[in-house]
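Each reported figure results from applying straightforward, stated rules to the coordinates on display, with no laboratory input. Computed from a predicted model, the values in this text were never measured in an experiment. Ideal geometry is used to build each Cβ from the backbone, glycine not excepted, and the neighbour counts take in all protein chains shown.
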Amino acid sequence: MRFYSMFLAVAVGAVTMSAGCAGPKEPAWTAPPQIHWADVATQEFPPVVNGYRILQPLGSAGRFPANVAVSRVSIRYEPAILDQAGAESAFIAVKTREVRRPYLSKKPKNEFLAWNSTFDDQMAVSELFPITQRDLGGGPADPLQIIAAFKALKAKLGIIYAVNEKSADRTEMLGVLYETQTALPLAAFHAHAVSITPPEDEKKPIDLWRYDSKALVREKFERLVYACVHELILNDQPQRVDVPEGWIPERPVLPAEWPPRQFGSSP
């Protein structure tokens, strides 16, 4: 009986040790705060799913060339003071609750680097630059305030977008393109992606840009924005420029000099 008890104790200890040697479990996925269309849109429009929709009639004059500002909206919960009760000795009882607050995220920084090269082959897009929280001048990160910052920083067009992690392997992006002068939404975009399991023979380290939903959805979203802006460019007429009469002289104002003075010709 004593031998059996010793054997049982050793067996239980072995099981416990083997369980303790197991690798650490991955932390359970926790849903981050979700961003809604109302956080990026100034007005309601028909839902957009995995694509883009132009919201204004096609055909414009002088919209391009244009520079474009981009802002990524995120959500955080902060304590907000509701009221203060009477003082008890040296303490003041303060009741608080959490308030949902949108803000402009600066991370990940490589996201804005990717935006910089999105329109490299579109001559009608002169530049693209990010707008961050500090550019709002202390105002809230709501769509109208963000568009006001776009306009103040001389952007002709602006994109407000957001990223939602729907599960551990699903991610979506949504966004709206605006004309800053009118604050009207020109187009809406939505992209959704699911992580792909890498093949067993994939070389290590695994390139997550090819398999992770966060990377896949970003690439898909950028392609949608590119296609939409390209369509807008094709349907835009160049603004007519009239040269006032008398601005083009019939002959040079001064006789031509050769070699020019800056190359060392004597006066």
Legend entry - Computed label-point distance, nm, for sites residue 182 and residue 168 using a 7 Å Cα→Cβ extension: 4.7 nm
Legend entry - Label-point separation, residue 120 to residue 77 (7 Å along Cα→Cβ), nm: 4.2 nm
Legend entry - Karplus-derived HN-Hα couplings along the range 102-118 (A = 6.51, B = -1.76, C = 1.60, θ = phi - 60°), whole Hz, x at Gly and Pro: x, 8, 8, 7, 9, 10, x, 4, 5, 5, 6, 5, 5, 4, 4, 9, 4
Legend entry - Calculated from backbone phi, Karplus (6.51, -1.76, 1.60) coupling profile of the range 170-178 in Hz, x at Gly/Pro: 10, 9, 10, 10, 9, x, 9, 9, 10
Inset, instruction - Sequence neighbours fewer than 8 away in the same chain don't count; with that in mind, list the aspartates and glutamates whose C-alpha is under 18 Å from residue 154. - result: 127, 135, 179
Inset, instruction - With a point put 7 Å past each Cα toward its Cβ, work out how far residue 210 is from residue 45 in nm, to one decimal. - result: 3.6 nm
Inset, instruction - Quick one: which residues, 5+ away or cross-chain, put their amide H under 5 Å from the amide H of residue 187? H built at 1.01 Å from N. - result: 55, 177
Inset, instruction - Sequence neighbours fewer than 8 away in the same chain don't count; with that in mind, list the lysines whose C-alpha is under 28 Å from residue 204. - result: 25, 107, 109, 166, 214, 220
Legend entry - J(HN,Hα) series, the range 210-216, from Karplus relation 6.51 cos²θ - 1.76 cosθ + 1.60, nearest Hz, glycine and proline x: 9, 10, 7, 4, 5, 6, 5
Inset, instruction - Please list the non-local residues whose amide H lies under 5 Å from the amide H of residue 70, H modeled 1.01 Å from N, same-chain partners needing a gap of 5 or more. - result: 129, 131, 159
